[in-house]
Each structure stands twice: as structure tokens, then as C-alpha cells.
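Just below is one structure, and these are the notes that go with it.
What follows draws every value from the coordinates through simple rules; no lab data is involved. Please read all numbers here as calculations on a predicted model, not as lab measurements. Positions of Cβ are generated from backbone atoms using ideal geometry, with glycine treated the same way; all protein chains shown enter the neighbour counts.
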């Protein structure tokens, strides 16, 4: 089982308390009304699925209920860091 660090609570907790929410650092289109259907569909549905280091969004569902980002290796499940939404990771993919 994974142990995740919640940067809001300041504690390591078991994976059961958290929910994965997808890829981190997805920029919303600046003009959604001006997007074509294809551009909007790519923004909504297409995400990277790398083998290796990946930045993800998680929520502490059974704790503070706040969102944060995690840098994790998808091959080994090793977690490198947890950081607040809006911050940049120190571990580059």
C-alpha cells in the first residue's frame, strides 16, 4: 500500500484515504468558446499515460478533502514528492 504525504495536513497517511484525480498541470484553454470541438475534446479527454515519472492530482478524501499534486513513478509506484496545487514540482519528468 502507498503512503502519501498530504501537504495540507502535514502527515503521511495510507492510500485508502486518498483518491487519484488525473494528470496534474493541465492548462485550461484561455478561450473555451473559441475552441473547436476537436480542441475542446482533446482538453477534456486526452491525457498523457507515461511509463515512468508522472505528475498527478490527488484529493485527501477521508481527511482534509483538499487537492494536491504528487510526483510518482508509474513503473515502481515510488512517490518522490507531494506539493500544493499551483506550485511547480522539483522533480522534472
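The table for this structure:
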item	result
Relative contact order %, segment 1-49, counting alpha carbon pairs below 8 Å whose residues are six or more apart	23
Cβ-based exposure ranking for 71, 30, in which fewest neighbours within 10 Å come first	30, 71
Relative contact order %, segment 11-93, counting alpha carbon pairs below 8 Å whose residues are six or more apart	26
Neighbour-count order for 54, 12, fewest beta carbons within 10 angstrom listed first	12, 54
Three-way shape call for the chain based on the alpha-carbon gyration tensor, with the a/c threshold at 1.5	prolate
57, 85, 70 arranged by Cβ crowding within 10 Å, fewest neighbours leading	85, 57, 70
Spatial separation of Cα centroids for segment 1-32 and segment 54-93, in angstrom	5
Label-to-label distance, nm, for residues given as residue 13 and residue 35 (7 Å Cα→Cβ offset)	3.1
